[in-house]
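Take a look at the structure set out below.
Every number in this text was worked out from the coordinates using simple rules, so none of it is lab data. Worth saying up front: this structure is predicted, and the values here are computed from it rather than measured. When we count neighbours, we look across all protein chains shown, and the Cβ atoms used for this are built from the backbone with ideal geometry, even at glycine.
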Amino acid sequence: MASETPLLDELEKGPWPSLVSEIKKTGYTGLLKLYELNYEDKMTHWTHGGMVGVPGYDAGVIGRVSDRRDILADAHTIRFIQPAGWFYSTKKLRKLIELWNKYGSGLMNFHGATGDLQVVGIPTENIEPFFDEAAKEHWDIGGSAGDFRTASNCIGPARCEMACIDTNDIYHTLMTDPDILNDMHRPRFPYKFKVKISGCPTDCVAGVPRADFVIMGTWRDDIKIDQEEVRNYAKSGKVDVEYIVKNCPTKAMSWDGNELSINNDECVRCMYCLQKMPRALSPGDDRGATILVGGRARGRYGAFLAWTLIPFMKLEPPYTELKELMYKLLDWWDENGRAKERIGETIYRIGAGKFLHDVGLDPLPTMVKAPRNNPFWFYFPGEVETDEE
Amino acid sequence: MASETPLLDELEKGPWPSLVSEIKKTGYTGLLKLYELNYEDKMTHWTHGGMVGVPGYDAGVIGRVSDRRDILADAHTIRFIQPAGWFYSTKKLRKLIELWNKYGSGLMNFHGATGDLQVVGIPTENIEPFFDEAAKEHWDIGGSAGDFRTASNCIGPARCEMACIDTNDIYHTLMTDPDILNDMHRPRFPYKFKVKISGCPTDCVAGVPRADFVIMGTWRDDIKIDQEEVRNYAKSGKVDVEYIVKNCPTKAMSWDGNELSINNDECVRCMYCLQKMPRALSPGDDRGATILVGGRARGRYGAFLAWTLIPFMKLEPPYTELKELMYKLLDWWDENGRAKERIGETIYRIGAGKFLHDVGLDPLPTMVKAPRNNPFWFYFPGEVETDEE
Amino acid sequence: MALSFDELDFGPPDYKEMLPPILERNYGKWKYHEEIEPGVYKHVSESGEEVYTVRAGQPKFIASETVLKLCDLADKYANGYLRFTSRHSVEFILDNKDNVEPLKKDLAELGFPVGGTGRTVRSIVACTGWVHCHTPATDSPGLQKALMDELYDYFVSEKLPTRLTIAVSGCLNMCGAVHCSDIAILGVHRRPPKVIDEVVSKACEIPSMIAACPTYAIKPKMIKKEDGTTLRSISIDGEKCMYCGICYGLCPGTPIADPKNDGVSIWVGGKISNTRGGPAFSRLAVPFIPNNPPRWPEVVETVKKIIDAWASDAKPDERMGEWIERIGWAEFFERTGIEFTHKHIDDYIFNIRDMNAGARVKGRELKKFS
Amino acid sequence: MALSFDELDFGPPDYKEMLPPILERNYGKWKYHEEIEPGVYKHVSESGEEVYTVRAGQPKFIASETVLKLCDLADKYANGYLRFTSRHSVEFILDNKDNVEPLKKDLAELGFPVGGTGRTVRSIVACTGWVHCHTPATDSPGLQKALMDELYDYFVSEKLPTRLTIAVSGCLNMCGAVHCSDIAILGVHRRPPKVIDEVVSKACEIPSMIAACPTYAIKPKMIKKEDGTTLRSISIDGEKCMYCGICYGLCPGTPIADPKNDGVSIWVGGKISNTRGGPAFSRLAVPFIPNNPPRWPEVVETVKKIIDAWASDAKPDERMGEWIERIGWAEFFERTGIEFTHKHIDDYIFNIRDMNAGARVKGRELKKFS
Ligand code: SRM
Ligand code: SRM
Ligand code: SRM
Ligand code: SRM
Ligand code: SF4
Ligand code: SF4
Ligand code: SF4
Ligand code: SF4
Ligand code: SF4
Ligand code: SF4
Ligand code: SF4
Ligand code: SF4
């Protein structure tokens, strides 16, 4: 018998695990047909499914409907807030899967690019009972629309020697904060607001290009050097110490074949040398975080990278200073942002100087690569003499 | 008797030659008073003097009137096209001065920032008779307003071993071209159009930041090296060859203490090494020019630096290809430019890709530092399939 | 029965209850790590304890049945815990070195490739695409599969100068976060949405559409019909529209999908981490390749060509963008045989800063381009 | 009697008739040059001939009487020829080495400083300013004089790491081409032009004003007067105006000069030539210093401070901007004691590219700014 999905079947070949085989393993046959049709027509047959969700929540469920209702009608996506660091016990997962198989398609996504645990393909009428049961197992729904999105964090101190902050604890504290959860589940902002937490400037959670607010571990004092281990690396032949020294972007290192020295004042904590020689080098002890603002992937003015707002902030539970800063920015943005404008764009449009002035932060030379090169600026009221009258 | 210009008198002190003393040496007493008043009031009392000029010309005379007609009424500025390379014979200068003393204030400016020989302070009724006589001595008037401005050129082959093109001859050929002179004396463009000609990438005439069209000498073959002279430099102790090699921006050089070698494929003709060791290094023999477009000092979008349009063009008299290119750009700009928009801005607003397409030049990777980073472009008609109907 | 408000807003499960015990014991005490082989890390704690991580790639979507199988492996070898990474690999964290090989064997049986550490291609980040989204110009999950099949060897063994990140997004919303990847595949629409006036007038809220369009390309329009009645619809300014498809999300009357003109673009040289030169955007390499499902051979081939050019010449630790910066963009186009076109020259907001200001042209280009 | 059209458009005098004979003979044959002492170059031709150039500074404006004296010197020592440079120095080109010293002596008597070559401050490029222009916020020629008096020693003797270029412009039209200078002084207006409705309505062509404003800040306005008549005037949008003064050039009813608020800004680190890193813009150092004529002591002092910080630390050939790039902007502000303010952060078109993307902050700044 000829296959009903000849095109998709091609994607079952080859060594990489096949998403087509995965779809086939589920009972989500409507999707299989629709997906094949998409391949045949070289276009999607999905359309937006309008507002669907669970009572009390205005976000976190992505409405999906196909334009070929004969094949597949409504089949929505639910975003669950993932646990910190994407850690799971099989016990917890098995229970969720049980419920998902009962109410939904059985197709899952570990994880969405923002970080959520996503389950895809649930008819409208099943959403509420499914969530009722999932909630009892402590699975809460994540973000969508103009809200505080589900954050994400790198593995941090759980398994990484570079971690300068407790990424998991910060994440969990934020994601269980009532204000934040309220702002996640009831969108009120001009657009989405994403937070990512990396334990060090390596940025393994990709915050700089993708998050509106980035918390990135760093340290103020000196890189710790174990000279013996440096020599071991050099001797082992596996690590070329000279080459690393040469590649240091600030030329802050020197190596005489026996002793490595680092000019910690010049070092920008790029993490290159530490990552190449983790046995020998480690972050200092005076740890905290750099706070960056304004990243996003696309947008009216193109992509933005998040930039250094606060060079260094000590971070201790309950992270009150952090949360206050975050809400200071959110409030400013809420007041000044236009529809569909991310905070970085609002700052861009209004001007970083004005933004800092408004939120009461000091301008610092570390915020810029270089000062402005054009004379087009304005004065705050009071800076300029007006006519006496 | 107390001085009438106590403030300006302060500027007669000090070792640098004083422009105040110069003004005092002329008969331009009205200016002295007005200028003192400007210092007293901390503002200018000059206003624009409307359209003044000589019959047949619509540019080159800058109308000046003061708002204190009791002190000084009309006193205009005339721009004369300077000779190539700013070379003068005293004979020629003396004759001009004779006429200027007869009709004008006696105050001069060698030179205006664009390059013209400027004479400042002539009443309206004297302009015509002055120019009548000056013209007989072959002093022609330069540019102003939306026209082809007086060009300028570095000393080039007249005295510089770096010169790869004949800057003086190119300048003189352009500045005596009937089309160009017509476009200089009868403004018809959206805004000014400035041309600067440097004999090599050292850009001693500052074309890149200031000219709409820059002609810059360069060469295609290899830098000529006199190894003996390199060794002499090294031995002399006056030149640190190793340091120069280290500072080469493309790391194209190497020096073993005896022999200097250059990877001419990597070299970007930055001129650093040649300027440091002129006895030893000189430009290759296959010479021509890089053509750049779009520089300007200020403007709606801030300052622009001119960028590499044509990496290499052979330049031989009568420079027909050069002139044709220039007019191709001028025509495009004339058609597409908005009022008060320099050509670089028109290209910026419309897009360099579209500009190249329109004028029929090939896009080259040398035009950019890096390709675009955003997906926001459009397709030319014909590139996209339309609906069959 | 709906939950009462009090029972809402409780947040994610507590990670502390799901942390492998060895990680809990050594939390914040890690001293160093070593890559043992592709896909396997050893982390050593100050306490002396060692932990072994086995990392495997997975497909963009996964059946619950398969997740249960992963759970089985976690129960068998990893004390009942597993985790996923920021690039969506799955990780098993072992407190017993002896479990590494058996686990690898079981994963191989399940069809899960172990790798993606060190000098490998990392797991491709892909968005939803044709599987479940309404705006894609191409199918990211399918492209992920087609590419990874071809690059499989680069994932399971270390043959590259350093890591290579690839991301795929179905459209310029860039949910696959493509814009800072070593190589990025981005679906492109090449025409603004069609406007089907009848549908717009019947089914759509025009003011919301106008407000939602990020480029202010949508304007209201009134059509006088022959029968004397009027129809309220919209018009889209083709010079402003960025082809984001957001309006289609609000209104079935403005479909953006266009089989004849949709396709794929390729971008190169982006980077995220602060290491060495710091973060950088990916830059346009190929503006358009038509969609050729199910396996997009032209895209796969071009990606392969780019990787080969880089891999054969880059120095150790030199990421794609760092390599291009060293050899120059002109040379990149030369070596990959990719054509440089008008579209490579930025004509968007910041373009002027990307032009080659001054006359700095390499000797080799002076010869070539004259 | 006016010239007929045929007699117009003849262009500049022929330079060939004004070229010193030794330059004509050796045109295009120069082999190398050497700086003999500050202000004196020797150029050697392939023919073996040597030419000596003596360069001197001059004021922005010069009396014809003084030009005649320069002509006298040219006749006496330089075969009746002289030239000026692109930075407005005057040069005497001598075919006889023995003329160098007597010429220098005569120039000294005339008060013309010989120098401005090699590792010196170069002649300051200045615009017209209060001497003859209608838009300045400060007096460039006066500032040129005040600065050069203070920096005289740096002009006549070689005490700097390399050349230092300074330019002064009276307003943001930048006729002194300040934007790519090691140090730039730029006059700044801080308020848009005042609008004097009576004058505008009587004396000005409103449509031309609207068309000429580069920022589209001017809009027409109608005022109903008490006597029932109306007055046509304009309004200026203070958020758009860039303070260029162009409207005042067309209309005396919109004066831009404002003694209370006009003053001077200082910019650093620009560069023109393609050497090493290539051309670069000057960047804001000091946003505002009030006008303090006749000698602007605060400006002079700040410039001196900046030069000293650079000169005491820069490596050979390291221009101001290259030095700052090496030490970092935070360090520049630290060492000069100049305050970093909101105004240093670009809020104009391209600003986002100037932000410090990523978390790359030097250790010293992490300590300082926390
Ligand atoms: C599911 C997911 C892709 C995936 O398969 O991984 C996704 C899917 C969609 N994204 Fe996204 N985005 C997803 C992560 C991202 C990311 C990556 C990230 O968050 O790190 C980005 C780029 C980063 C950023 O925010 O700049 C991203 C940028 C967008 C945008 C552009 C937003 C912007 O500010 O420019 C849109 C359009 C919009 O929201 O207006 C968008 C819109 C959409 C919509 C909701 C399309 C729509 O309007 O209906 C997609 C729903 C598809 C579906 O059927 O579920 N998605 N989206 C990711 C969310 C899963 C999760 O919650 O974990
Ligand atoms: C005389 C001179 C300054 C000097 O003392 O050296 C000068 C003087 C004036 N410039 Fe200029 N500019 C002079 C070179 C420049 C330069 C430098 C250059 O050409 O290399 C620039 C910057 C380069 C550039 O073009 O971008 C320059 C950029 C401007 C601008 C801004 C133009 C723009 O495109 O943004 C204006 C305003 C305008 O024209 O709209 C302007 C306008 C003016 C006006 C005409 C103001 C006005 O509207 O009446 C000034 C007349 C003053 C007077 O009384 O003569 N001037 N002007 C220079 C011309 C002398 C000559 O012909 O040699
Ligand atoms: C597990 C993970 C974090 C997480 O919580 O999930 C992680 C974990 C580690 N990263 Fe990462 N990185 C992870 C995503 C990233 C990302 C994000 C991304 O690719 O989207 C980046 C930024 C990539 C970029 O710059 O474009 C990232 C840039 C790095 C780097 C810097 C690479 C460089 O170019 O210099 C290092 C250092 C190295 O590899 O030498 C690093 C090193 C490490 C180390 C070795 C640090 C340590 O001491 O343990 C960690 C384990 C090894 C490894 O290579 O994966 N990690 N790392 C992520 C694994 C993703 C995956 O499945 O492949
Ligand atoms: C005479 C003049 C050209 C003219 O036709 O008028 C000229 C002539 C020479 N320049 Fe220049 N430059 C002249 C303005 C410039 C300018 C334009 C400017 O400053 O506005 C520049 C660009 C400056 C900049 O980059 O900001 C310029 C950048 C150079 C450089 C590159 C300096 C650097 O930073 O690397 C050199 C090479 C050097 O000095 O080693 C150079 C070298 C030279 C040499 C030595 C070349 C030679 O072989 O003869 C020429 C004579 C020595 C000298 O230092 O002046 N010339 N030179 C100009 C003298 C201006 C003056 O009175 O001071
Ligand atoms: S960001 Fe730093 S702390 Fe987090 S996983 Fe990467 S290297 Fe470790
Ligand atoms: S962390 Fe980076 S900047 Fe600092 S010393 Fe190491 S390589 Fe250099
Ligand atoms: S630009 Fe080149 S050719 Fe002209 S004077 Fe300067 S160094 Fe000589
Ligand atoms: S001209 Fe410049 S780029 Fe070329 S070799 Fe010399 S220093 Fe290097
Ligand atoms: S990138 Fe486009 S196609 Fe992919 S999930 Fe996001 S909106 Fe959909
Ligand atoms: S596709 Fe996007 S940009 Fe185009 S009209 Fe629709 S909403 Fe606007
Ligand atoms: S810069 Fe301003 S003040 Fe100076 S001449 Fe030009 S227009 Fe006049
Ligand atoms: S000063 Fe310039 S920008 Fe301001 S209103 Fe007048 S013309 Fe426009």
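Observations on the structure shown:
- Cysteines without a disulfide-compatible partner [chain B; Cβ-Cβ under 4.7 Å]: B:Cys160, B:Cys164, B:Cys200, B:Cys248, B:Cys267, B:Cys270, B:Cys273
- Tail beyond 20 Å, pair distance distribution of region D:14-110 (Cα, percent): 35
- Principal axes of region D:197-250: Cα extent on each, largest first, Å: 35, 21, 14
- Listing D:Ser157, A:Ser3, C:Ser181 from fewest to most neighbouring C-beta atoms within 10 Å gives A:Ser3, D:Ser157, C:Ser181.
- Stokes-Einstein diffusion for region A:273-376 at 37 °C, viscosity 0.692 mPa s, with a Kirkwood radius from C-alpha pairs, works out to 207 µm²/s.
- Computed FRET value (nearest 0.05) for A:Ala135 with A:Ala73, which takes r as the C-beta separation and R₀ as 22 Å: 0.30
- Applying the criteria of a DSSP loop state and at most 14 other Cβ atoms within 10 Å to the trypsin sites (Lys or Arg not before Pro) of region B:160-256 yields B:Arg188, B:Lys238, B:Lys251.
- Per-residue mean of C-beta atoms belonging to partner chains within 10 Å, peptide B:317-326: 0
- The Rg/Rh ratio for region A:24-85, using Cα coordinates for both the radius of gyration and the Kirkwood hydrodynamic radius, is 1.06.
- Per residue of peptide C:36-42, the mean number of Cβ atoms on other chains within 10 Å of the residue Cβ is 0.
- Residue of chain A with the smallest Cβ distance to the axis mapping A onto B, distance rounded to whole Å: A:Lys246, 6.
- With each label modelled as a point 7 angstrom along the Cα→C-beta vector, the A:Glu316-C:Lys240 pair spans 5.3 nm.
- The protein assembly as shown: calculated mean residue ellipticity at 222 nm from DSSP helix runs of at least 4, using -39500 (n - 2.57): -8500 deg cm²/dmol
- A label point on B:Pro178, set 7 Å along the Cα-to-Cβ line, lies at 8.9 nm from each of its counterparts in the other copies, closest listed first.
- Copies compared at D:Ile210 - label distances in nm, ascending, label defined 7 Å from Cα in the Cβ direction: 2.4
- Counting from the shortest, the label point at C:Ser235, 7 Å from Cα toward Cβ, is 3.0 nm from the same position in each remaining copy.
- Dividing the Cα radius of gyration of chain B by its Kirkwood radius returns 1.04 for Rg/Rh.
- Convex hull per residue volume in Å³, alpha carbons only, for the protein assembly as shown: 201
- Entries in B:Lys194/D:Lys145; C:Lys194/C:Lys240; B:Lys192/B:Lys323; D:Lys145/D:Lys305; A:Lys13/C:Lys60; A:Lys194/A:Lys328 that, when Cα-Cα distance is taken, lie over 22 Å: B:Lys194/D:Lys145
- For D:335-344, mean number of other protein chain Cβ atoms within 10 Å: 5
- Equivalent-ellipsoid semi-axes of region B:15-163, from the Cα gyration tensor, Å, largest first: 27, 19, 16
- Footprinting exposure proxy for C:His132, A:His48, B:His357 (fewest neighbouring C-beta atoms within 10 Å first): B:His357, A:His48, C:His132
- Simple spin-label estimate for D:Ala108 and D:Lys304 in nanometres, 7 Å along Cα-Cβ: 2.4
- Label-point gap, in nm, between C:Thr230 and A:Leu361 - each point 7 angstrom along Cα→Cβ: 4.8
- ³J(HN,Hα), Karplus 6.51/-1.76/1.60, whole Hz, each residue of region D:254-264, x for Gly, Pro: 10, x, 9, 4, 8, x, 6, 10, 6, x, 9
- Nearest-0.05 FRET efficiency for C:Asn96 and B:Glu324, computed from C-beta distance (R0 60 Å): 0.15
- Helix C:64-77 axis, angle to chain C major axis (alpha carbon atoms, nearest 10°): 20
- Residue-wise HN-Hα coupling along region A:271-283, computed from phi with Karplus coefficients 6.51, -1.76, 1.60 (Hz; x: Gly, Pro): 6, 4, 5, 5, 5, 6, 10, x, 5, 9, 10, 8, x
- Size descriptors for region A:82-221: radius of gyration and Dmax over Cα atoms are 16.0, 57 Å.
- Cβ distances below 4.7 Å define possible disulfide partners, and in chain C the cysteines left without one are C:Cys71, C:Cys133, C:Cys171, C:Cys180, C:Cys213, C:Cys241, C:Cys244, C:Cys247.
- Spatial extent of chain D: Rg and Dmax, with the Cα atoms as the point set, Å: 24.8, 86
- Over 24 Å between alpha carbons, listed pairs A:Lys92/C:Lys29; A:Lys42/C:Lys221; C:Lys31/C:Lys105; C:Lys69/C:Lys104; B:Lys33/B:Lys95: A:Lys92/C:Lys29; A:Lys42/C:Lys221; C:Lys31/C:Lys105; B:Lys33/B:Lys95
- Pairs of Cα atoms nearer than 8 Å and 6+ residues apart set the relative contact order; for chain B it is 11 percent.
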